[in-house]
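First the structure, in the form of structure tokens, and then the observations on it.
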Amino acid sequence: MKSVDKKGGVIFTAFKDLNIGPFVADFTVGDFDGDGVEDDAELLHGTSPFDPAEFCLTLTAVPNPYIAGIPHLAAGLTFATNASGVFVSCPVGADGSFAFPHTEVRTNAQLRLALYRTNDSGVVLSAPLKPAGYHTVLTPSSPVFTEDTDRDGMPDWWEVFHGLNPFSDVDAYLDPDGDFLISRHEYWSATNPNVPDADIAGNALANATHAVDSRIAGKTPSVALPLFQNYIANGNAGIFIRNPNCWAADIDLTCVSPWNSHGKNQRAGTLISPRHVLFAAHFPVYKNYTITFVDTNNAVITRTVTEIRTHADYVGDPVYYPDLTVGLLNADVPTNQISYAKVLPDNYADYIKTGQFLPCIRLDQEKKALVGNVSSVLSTNYEGKVQASALLGTAYNPQRQLFYEHVVNGDSGNPMFLVIKNQPVLLTVWTGPPNSGGTGTSVTAFKDDINAMMNDLSPGGYQLEEIDLSGFDTLPK
């Protein structure tokens with residue numbers, strides 16, 4: 001093996017199985033002493049490739065939105081747990097990038113990266129640093145920036161810097177500045193959890209949170225939960241009167257069918273096009289039954305289910321997966337009266353990441369606009385099921401907890417929505433299980449399959465419509 005300089009001159013020549021003292025060195029493996037730096041770089045710069053206590057590196061960091069804009073910030077290398085003893089330093093740019101010169105280390109002590117303010121020596125970050133080659137490049141996802149002791153989704157250094165507790169996950173769910181971003185979402189957004197700086201029109205996380213939390217604030221659940229007045233009694237008479245005191249009264253939920261001739265208030269269906277309805281496969285409305293929709297002025301629109309298609313891979317009891325059935329109506333609903341639910345685009349994570357802890361609407365067989373916390377928009381469980389789900393309860397949010405109830409038997413097929421731009425965005429229809437926050441097959445993950453089922457029912461017809469998130473800012477990577 002040869003190592004050459006930029007002009008092509010030979011710096012050293014090494015051969016496999018070179019005998020050096022008691023060692024049999026093999027420079028072709030790259031890092032004989034395991035210190036993270038390539039052997040040829042160590043030989044070139046005068047540190048030993050046989051001693052892990054000796055190494056050299058150049059350390060750079062690409063732009064990092066999580067530290068960008070912190071005034072008077074510098075980066076230093078030290079062996080102390082704070083900013084004392086810094087033996088080489090460099091300024092941090094306005095974009096969060098920095099670059100150290102060539103640095104040599106000749107000690108067994110743990111090398112650490114420190115970020116500190118030069119005006120008051122306040123430490124922003126102090127974390128162990130392991131070289132990843134002579135040319136070590138740090139990104140926002142590098143371990144030095146992401147250590148998270150309490151596993152609440154916020155790095156320790158970020159919590160300490162903003163006055164949060166890195167040993168408790170409770171503060172991840174709180175919104176100390178009241179700007180509709182909980183602390184975890186502030187981190188995702190690279191904003192300050194102590195300054196009300198969220199843009200509800202520009203940040204999809206804040207937009208979805210504001211859509212629910214601002215509406216339930218100060219409301220009484222017994223008055224504000226029902227979508228319809230005297231729901232069951234009126235429904236049996238074919239009458240549906242929307243509740244003007246429902247907290248979601250001004251959100252267009254006409255895509256939700258409140259009644260059908262098969263299961264009455266059960267066997268829920270959600271309109272996903274002017275002609276198609278999504279059901280839970282284990283609890284659908286079968287063909288030749290009627291299904292009812294109600295516009296915002298309480299006019300009743302009735303259609304007949306003429307055909308259904310269940311997902312080709314569906315397995316019933318006890319698996320219930322993929323729990324998706326699409327029904328075809330005998331005619332389009334009038335779209336000037338009845339809306340259909342939209343779905344998330346493929347790049348939703350650019351705007352809401354996993355969506356965890358966003359508030360969601362969780363309907364039930366009593367057609368109450370229950371509230372929950374999203375657990376996942378799309379995740380794979382231990383059984384290999386790709387699901388969307390809501391958390392059991394609404395941790396650390398007393399107002400949402402007032403509007404929460406468990407999923408129970410008979411709720412199957414009811415939808416879970418995010419509300420973005422004041423529009424319901426369908427995440428799943430309930431599979432169950434009882435006494436939980438609710439889980440169902442992820443609509444986001446199965447969009448192509450649902451579209452294929454819709455096309456099979458009505459070739460060349462309607463397909464799912466995605467909500468446009470492009471007007472929101474993308475979150476930092």
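A few remarks follow.
- Condition met for T209 (within 23 Å of the chain's Cα centre (by Cα), buried (at least 18 other Cβ atoms within 10 Å of the Cβ) and hydroxyl-bearing (S, T, Y)): yes
- Filtering region 172-200 to residues that are over 23 Å from G96 (Cα atoms) and in contact with a Lys or Arg (Cβ under 9 Å, 6 or more places away or on another chain) leaves A172, Y173.
- Subset of region 361-394 that is at positive phi and free of Cβ contacts under 8 Å to residues at least 60 places away in the same chain - its residue that is surrounded by the fewest Cβ atoms within 10 Å (Cβ to Cβ): G384
- Leading residue by the ranking (nearest to the chain's Cα centre (by Cα)) among those in region 379-411 that are over 20 Å from D169 (Cβ atoms) and among the aliphatic types (A, V, I, L, M): A388
Here is a yes/no grid of residues against (1) among the hydroxyl-bearing types (S, T, Y); (2) in contact with a strand residue (DSSP E or B) (Cβ under 7 Å, 6 or more places away or on another chain); (3) surrounded by fewer than 21 Cβ atoms within 10 Å (Cβ to Cβ):
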{"position": "D148", "(1), (2), (3)": "no, no, yes"}
{"position": "E159", "(1), (2), (3)": "no, no, no"}
{"position": "Y173", "(1), (2), (3)": "yes, no, yes"}
{"position": "L181", "(1), (2), (3)": "no, no, no"}
{"position": "R184", "(1), (2), (3)": "no, no, no"}
{"position": "Y187", "(1), (2), (3)": "yes, no, no"}
{"position": "A190", "(1), (2), (3)": "no, no, yes"}
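- Odd one out for F167, checked against (1) surrounded by fewer than 20 Cβ atoms within 10 Å (Cβ to Cβ); (2) hydrophobic (A, V, I, L, M, F, W, C); (3) assigned to a helix (DSSP H, G or I): (3)
- Of residues in region 395-405 being at pLDDT below 95 and in a loop (DSSP other than H, G, I, E, B), the one surrounded by the fewest Cβ atoms within 10 Å (Cβ to Cβ): A395
- One residue from T292, T296, T354, T335 being buried (at least 16 other Cβ atoms within 10 Å of the Cβ), of a type in the set (S, T, Y) and part of a loop (DSSP other than H, G, I, E, B): T354
- Scanning region 123-146 for residues that are assigned to a loop (DSSP other than H, G, I, E, B) and exposed (fewer than 15 other Cβ atoms within 10 Å of the Cβ) yields a count of 4.
- Selected residue (criterion: surrounded by the most Cβ atoms within 10 Å (Cβ to Cβ)) from residues of region 224-276 that are of a type in the set (F, W, Y) and more than 22 Å from P359 (Cα to Cα): W259
- Odd one out for E307 among (1) modelled with pLDDT of 95 or more; (2) acidic (D, E); (3) over 20 Å from D364 (Cβ atoms); (4) in a loop (DSSP other than H, G, I, E, B): (4)
- A single entry from A109, A114 fulfils the requirement of being among the hydrophobic types (A, V, I, L, M, F, W, C) and assigned to a loop (DSSP other than H, G, I, E, B): A109.
- Scanning region 242-269 for residues that are in contact (Cβ under 8 Å) with a residue 40 or more places away in the chain and aromatic (F, W, Y) gives a single hit, W247.
- Some residue of region 203-219 being assigned by TED's automatic domain parsing to the domain that holds Y351, β-branched (V, I, T) and either assigned to a loop (DSSP other than H, G, I, E, B) or at positive phi (or both): no
- Residue under evaluation D323, criteria (1) in contact with a Cys (Cβ under 9 Å, 6 or more places away or on another chain); (2) not in a strand (DSSP E or B), criterion not met: (1)
The values are calculated or read from the model by the stated rules, or taken from the named source; none is laboratory data. Remember, it's a predicted structure, so these values are computed and weren't measured experimentally. Neighbour counts are summed over all protein chains in view; Cβ atoms, including those assigned to glycine, are modelled from backbone coordinates with ideal geometry.
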